[in-house]
1. When a/c reaches 1.5 or more, the comparison of a/b and b/c decides; with that in mind, is the range 282-348 rounded, prolate or oblate per its Cα gyration tensor?
2. Taking H placed 1.01 Å from N in the peptide plane, check which residues at least 5 places from residue 338 or on another chain put their amide H under 5 Å from its amide H.
3. If we count every other residue with Cβ under 15 angstrom of residue 362's Cβ, Lys/Arg +1 and Asp/Glu -1, where does the sum land?
4. Once phi is turned into ³J(HN,Hα) by the Karplus curve 6.51 cos²θ - 1.76 cosθ + 1.60 with θ = phi - 60°, what whole-Hz value does each residue of the range 108-120 show in order, with x for glycine and proline?
5. Obtain the nm distance between the two label points defined at residue 144 and residue 316 by a simple spin-label model: each point lies 7 Å from its Cα along the Cα-to-C-beta direction.
6. Pull up all non-local amide H partners of residue 96: gap of 5 or more, or a different chain, and H-to-H distance under 5 Å with H placed in the peptide plane.
7. Compute the length gained on full extension between residue 186 and residue 92: take 0.36 nm times their separation in residues and subtract their Cα-Cα distance, giving the result in nm to one decimal.
8. What FRET efficiency comes out for residue 306 versus residue 71 if R0 is 30 angstrom and r is the Cβ-Cβ distance? Round to the nearest 0.05.
Amino acid sequence: MSAVSENWRKAGLAGAAIGVIAAGAAAGVAVERLTVGRGMRRQARLALDAAGPYGSLRGAPGRVRAEDGTELYYEVDEAPEPKRGRLRRKAAPAPTVVFCHGYCLSQDAWHFQRAALRGLVRTVHWDQRSHGRSGRGLAQADGVPVSIDQLGRDLAAVIGAAAPEGPLVLVGHSMGGMTIMALGQQFPELVRERVAGVALVGTSSGGLGEVTYGLPAASVPVVRRVLPGVLRALGAEVDLVERGRRATADLFAGMIKKYSFAGKDVDPAVARFAERMIENTPIDVVAEFYPAFHAHDKTAALDVFDGVPVLVLAGEGDLITPLAHSEVIAGRLPEAELAVVPEAGHLVMLEHPETVTGRLTGLLARAGVLPAAANVGTYGSTAHPAR
């Protein structure tokens, strides 16, 4: 039996064990298939892709090389020029808010917050290595495993290129929050000298190997044991798997919705937007990054942010990084603000954008980056996507 055949035999056996993950989604899809044809569902997805401007915001592009030569892509939205006094003193460097996205997403995941803050404060949005418009990790091509520490050094490179001076507010969702923790651990002087605020959204400082993903208790050990091998097998057959993903798009859409959102009234165009970002992440990248989360442990590293205004925000129904993980972070930083969003899942910034933007605006005010009375507006209401 060839190595490829053996990989797929193992993947097939393991797939039976992890099938419980898709059970709820599959049931809904089965009902839909009885009533809606595949062609109509495809047309509906295309219509949703065109329904909203989600992910369409662009800024001034830039690129920087990480330490291993990987090209990292970022965009800058500049703030208005500050008014100078009569003496025309040189203006101080503008503060910059740096947004870090999560696993299988891209910088566009912050669409609503980016739109709301445009013209008010300087922002940097970047794509993590192997995601979005950034290049595939060159170290990974040479066989070096991805690590959260590597992502922290990537963030340092982006800051050096896009925001080399002035105060910083660091905002991270999920893997992006872990990236910020890794930055703090490796570059504590940067935090002490320049970081004016931190927002950690739907993230974890460690213990991700214990997450149950909402599965029955009996199935969790099996899933933990076989999933890494399944992902490696799938990552070795990229073309075949990608064709399979397209063929089973309805099933994956149901799974993505289950693990991204907790409420029942998510704007379908927003749900499709999230689905599209995740679809665009190649399966070998998914496989490459997964082991890094089990190795991630940055609880002690949180101490570097003690004394800095910190917002810890979590969706109450998050199945990927459950609320308890945010509570651990807040417990380590007793002066941090812990905000729990009801009826919200892992992609809380897309599911409840106005709430997240409001909390973020409060952090920016505490950090002295925005006046407390700044009119951020209400862009980001999923009830009125045309705004």
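1. oblate
2. When sequence neighbours closer than 5 places are left aside, the close amide H contacts are 312.
3. Residues close to residue 362 contribute a combined charge of -1.
4. 5, 4, 9, 3, 5, 5, 5, 5, 5, 8, 4, x, 10
5. 4.4
6. 168, 169
7. Using 0.36 nm per residue and subtracting the Cα-Cα distance, I get 31.1 nm.
8. Working from the Cβ atoms, E equals 0.30.
Only the coordinates and a few stated rules stand behind these numbers; no lab work does. Remember, predicted model here, so these are calculated numbers, not experimental data. Note that each Cβ is placed from the backbone with ideal geometry, even for glycine, and that neighbours are counted across all protein chains shown.
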